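Report on one structure; see the data block that follows.
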Amino acid sequence: MTKRSFCVAIDGPAAAGKGTISKAVAAHFGFAHLDTGLLYRAVGAGVLAGGDAVTVAKTLDPAQFDQDSLRTPEVAQAASRVAVDPDVRSALLQFQRDFAEKAGCAVLDGRDIGTVVAPAADAKLFITASADVRAQRRFLELSGKGMDVTLEGVLADVKARDARDRSREAAPLVAAKDAVLIDTSELSIEQAIGQAIAAIEKIKGA
Ligand code: DC
């Protein structure tokens, strides 16, 4: 009997803990993991370097991604801006679906995984937290890497991206109707990971 594939969709706003939770979930279950935000960040970085968004999106090579340079607030904003363009989204859609199909068992995290990229995902989680908590975490992460950021600046960045990601017409950030909601505002990393794994175990076992 062939093993049935299993797809986990993890969505939520900026800095809610999706990345950490997705990595831990993928490691726990032995699934592949794709951080789809990195694809949008790579397109944003390409545009900041003078490229055309759709052309960059169609010619991405994730093997060449330099994660550190993609994780700056400037690139995050550029990613959120290019993500409004339906042509950019459709260029990246096939890449994401191919990844999930090839991997068989995969965790994809982003903004529209449970609603658009993998609406038939077996398990869907929507990870959220208050804007203040998210900004505080992102501020600690970025300043810990030596970046010259302020808490106010990071909060403004998080709020601006939330507003743009939620209000765009193409695949806006919204929880899928069948997603399990996890608010990490009051949770430790371990507790948040524990809740995510428990929710997926429950769905797998059902
Ligand atoms: O998850 P992230 O912060 O790395 O994402 C950066 C931006 O990319 C985010 O503000 C919106 C966009 N994005 C998207 O529109 N759809 C996704 N599936 C992932 C990211």
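Every number in this text was worked out from the coordinates using simple rules, so none of it is lab data. Please read all numbers here as calculations on a predicted model, not as lab measurements. Here the Cβ positions follow ideal geometry from the backbone for every residue, glycine too, while neighbour counts run over all protein chains shown.
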In what sequence, highest mean first, do 117-125, 184-192 appear when ranked by Cβ atoms within 10 angstrom?
-> 117-125, 184-192
Would you mind pulling out the separation of the Cα centroids of region 128-157 and region 3-56, in Å?
-> 19 Å
In whole Hz, with x marking every Gly and Pro, tabulate ³J(HN,Hα) for region 57-66 from phi via Karplus 6.51 cos²θ - 1.76 cosθ + 1.60, θ = phi - 60°.
-> 4, 7, 10, 5, 10, x, 5, 8, 5, 9
Given the pairs Lys58/Lys204; Lys102/Lys177; Lys159/Lys204; Lys23/Lys102; Lys23/Lys204; Lys18/Lys159, which span a C-alpha to C-alpha distance of over 23 angstrom in this model?
-> Lys58/Lys204; Lys102/Lys177; Lys159/Lys204
Footprinting exposure proxy for Phe139, Phe29 (fewest neighbouring C-beta atoms within 10 Å first) = Phe29, Phe139
Neighbour-count ranking for Lys58, Lys145 (other C-beta within 10 angstrom, fewest to most) reads Lys145, Lys58
Among the aspartates and glutamates, which fall within straight-line cross-link reach of Lys145, defined as a Cα-Cα distance under 18 Å, with same-chain neighbours fewer than 8 residues apart omitted?
-> Asp66, Asp68, Glu74, Asp157
Leading residue at positive end of dipole, the chain (Cβ point charges), from Phe95, Val84, Gly144 | Phe95
Neighbour-count ranking for Val43, Val149, Val25 (other C-beta within 10 angstrom, fewest to most) reads Val149, Val25, Val43
Of Val180, Gly46, Ala163, whose Cα points farthest to the positive end of the dipole of the chain (charges on the beta-carbon: +1 Lys, Arg; -1 Asp, Glu; origin at the Cα centre)?
-> Val180
Contact order relative to length for the chain, counting C-alpha pairs under 8 Å separated by 6 or more residues, stands in percent at 33 percent
Give the span of region 1-93's Cα atoms along each principal axis, as three whole-Å numbers ordered largest to smallest.
-> 49, 28, 23
For Leu125, list long-range residues whose amide hydrogen, built 1.01 Å from N in the peptide plane, is under 5 Å from its own amide hydrogen.
-> Ala9, Ile10, Asp11, Val180
Using the Cα gyration tensor of the chain, with a ≥ b ≥ c the square roots of its eigenvalues, what is the shape: rounded (a/c below 1.5), prolate (a/b larger than b/c) or oblate (neither)?
-> oblate
